[in-house]
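Trainee: Okay, here's the structure, questions in a sec.
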């Protein structure tokens, strides 16, 4: 039996804002998180994806998976730091390498745009996501540190 070729992921521009918005809205709804809706997200993404600080990567045609990254300057690095805001694959298509393709392309695009570090926030109880990121080289501890990093947030 011939093995299927690896899925191709690609950078999404403002012309993909509606598709990206639908996937992000579906992601939040799947996990019971609030969403302003695909229409609002689409308007925001149309503006954000036109700049250089936010980018999206999609997989599938039409897109069935998305990764969204915000880049920012950081005093500890000469280059920028990327925050993987979201990575989502449609439920029925998980386990086929789409998330890995999204992550690899996301890292490549981030490097091309000057990022030296990628950060990801993962819910502590989301063991599948933690295993996925660890399998792809991410750690919840700083190099040489025994204690896990913790993420704190506050609405302003």
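Trainee: Considering only residues that are within 18 Å of residue 86 (Cβ to Cβ), in a loop (DSSP other than H, G, I, E, B) and out of contact with any helix residue (DSSP H, G or I) (no Cβ under 7 Å at 6 or more places or on another chain), which ones fall in the stretch 126-156?
Mentor: Correct list: 126, 138, 151, 153.
Trainee: Looking at the structure I just gave you, is residue 11 touching a strand residue (DSSP E or B) at 6+ places or on another chain (Cβ under 8 Å), surrounded by fewer than 19 Cβ atoms within 10 Å (Cβ to Cβ), without any contact (Cβ under 8 Å) to a residue 24 or more places away in the chain and not in a helix (DSSP H, G or I)?
Mentor: In short, no.
Rule-based calculations on the coordinates, nothing more; no lab input. None of the values given here were measured: they were computed from a predicted structure. All Cβ positions, glycine included, derive from the backbone under ideal geometry; neighbour counts span all protein chains shown.
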